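Chemist: Dumping the structure here so I can ask a few things about it.
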Amino acid sequence: MSSRKLYTCLRCGKSFSKEDLDALAGMGVKCPFCGYRIIMKNRSPSAKRIKAK
């Protein structure tokens, strides 16, 4: 699961995992590459199907 890319930095566009984010635990939430504080969680590639009633 460590190879999955879960987060993307909105400034530099690089993707990183939850483990990379946890490595900077004392510094708050920020990109491990550029230090930008706004990151986006990636969505799953497939949509969920829900049966309508």
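Chemist: Straight distance only, please: which lysines reach the Cα of Lys41 with their own Cα at less than 28 Å, same-chain residues fewer than 8 apart left out?
Modeler: Those lysines meeting the cut-off are Lys5, Lys14, Lys18, Lys30, Lys51.
Chemist: Let me spell out the model: positive unit charges on the Cβ of Lys and Arg, negative unit charges on the Cβ of Asp and Glu, origin at the Cα centre of the chain. What dipole size does that give, in debye rounded to 20?
Modeler: Once rounded to the nearest 20, the dipole reads 540 debye.
Chemist: Could you go through the range 40-53 in sequence order and give the Karplus-derived ³J(HN,Hα) for each residue, using 6.51 cos²θ - 1.76 cosθ + 1.60 with θ = phi - 60°, rounded to whole Hz, and x for Gly and Pro?
Modeler: The phi angles translate into 10, 7, 6, 8, 5, x, 10, 8, 7, 9, 10, 6, 7, 10 Hz.
Chemist: Students often get this wrong, so try it: which of (i) 24; (ii) 45; (iii) 65 is percent of Cα pairs over 16 Å apart as calculated from the structure shown?
Modeler: (ii)
Read the figures in this text as sums done on the coordinates, not as results from a lab. In this text the structure is predicted, and so the values were computed from the model without any measurement. A quick note on method: Cβ atoms are made from the backbone with ideal geometry, for glycine too, and the neighbour counts reach across all protein chains shown.
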